[in-house]
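**Student:** Before we start, here is the structure in question, set down as structure tokens.
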Amino acid sequence: MIQVEVTEDNWNQARDRFHKQMNKMNWNRDFALVQFGYDTNRIYHGLLGEEIIRAYYDCDIPEEESYQYDLLIKGYKVEVKTIVAKFKPQPSYLCLVTHGGEKGERVAHALQDADYYMFVRLQEDLKKAWLVGYMGCDDFINRSKFFKKGSTFKEGKNFEITFDSNVNVLRIRDTIPFRKASQKNMRRQLSFA
């Protein structure tokens, strides 16, 4: 797991992309929900997670925003999944891939044309982020546990979450960890590259 500082450039890039998306959708700012039922904070946080990965890997964002994938890294299509958290994530915490399909994880995954999922935890104050792991999309779907909308995941006495959409979950420790780059190698390398 790699901790990074969120930069002003990350914030600004995410904000600019957010405004472009909202304008493109002719979004009425009086509504709290937009496309796919996501609230605007979730959209901004997702874009910020993408910008953090983009800056860390010095990679490309497709010219046209797409539901299919978020970034291109060394020719691989990457979907970034971001969760806002109060604390530094632990290896036992969950990585989630949500989807709206009712037919199960395989059908819903087929809706996105990405090669890899990358998972980011963003500190609530937006000052720090953790690159917690990544995995090939098919591997993630095969190794994760599927929960239907309304299902509850419980662990011990203190943790319980009821999912508001269909979701696949896998613990951070079961994903592939990001590798830190040396100062000499500022363009980070992924093990799949």
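**Student:** Among the residues of the range 52-95, how many are within 11 Å of the chain's Cα centre (by Cα) and of a type outside the set (A, V, I, L, M, F, W, C)?
**Tutor:** Selection size over the range 52-95: 5.
**Student:** So, in the range 89-116, of the ones that are over 20 Å from Ile161 (Cα atoms) and at pLDDT below 55, which residue ends up most open to solvent (accessible area, probe 1.4 Å)?
**Tutor:** Applying the filter and picking the extreme gives Lys103.
For every residue, the table says whether it meets (1) charged (D, E, K, R); (2) at pLDDT below 85; (3) in a strand (DSSP E or B); (4) open to solvent by less than 60 Å² (accessible area, probe 1.4 Å).
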{"position": "Met118", "(1), (2), (3), (4)": "no, no, yes, yes"}
{"position": "Leu126", "(1), (2), (3), (4)": "no, no, no, yes"}
{"position": "Trp130", "(1), (2), (3), (4)": "no, no, yes, yes"}
{"position": "Phe140", "(1), (2), (3), (4)": "no, no, no, yes"}
{"position": "Lys157", "(1), (2), (3), (4)": "yes, yes, no, no"}
{"position": "Val169", "(1), (2), (3), (4)": "no, no, yes, yes"}
{"position": "Arg179", "(1), (2), (3), (4)": "yes, yes, no, no"}
{"position": "Asn185", "(1), (2), (3), (4)": "no, yes, no, yes"}
{"position": "Ser191", "(1), (2), (3), (4)": "no, yes, no, no"}
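The values are calculated or read from the model by the stated rules, or taken from the named source; none is laboratory data. Computed from a prediction, not measured in an experiment: that's the story for all the values here. Accessible surface is based on the protein model in full, side chains and every heavy atom, while ligands, DNA and RNA are left aside. Shrake-Rupley method; radii C 1.70, N 1.55, O 1.52, S 1.80 Å.
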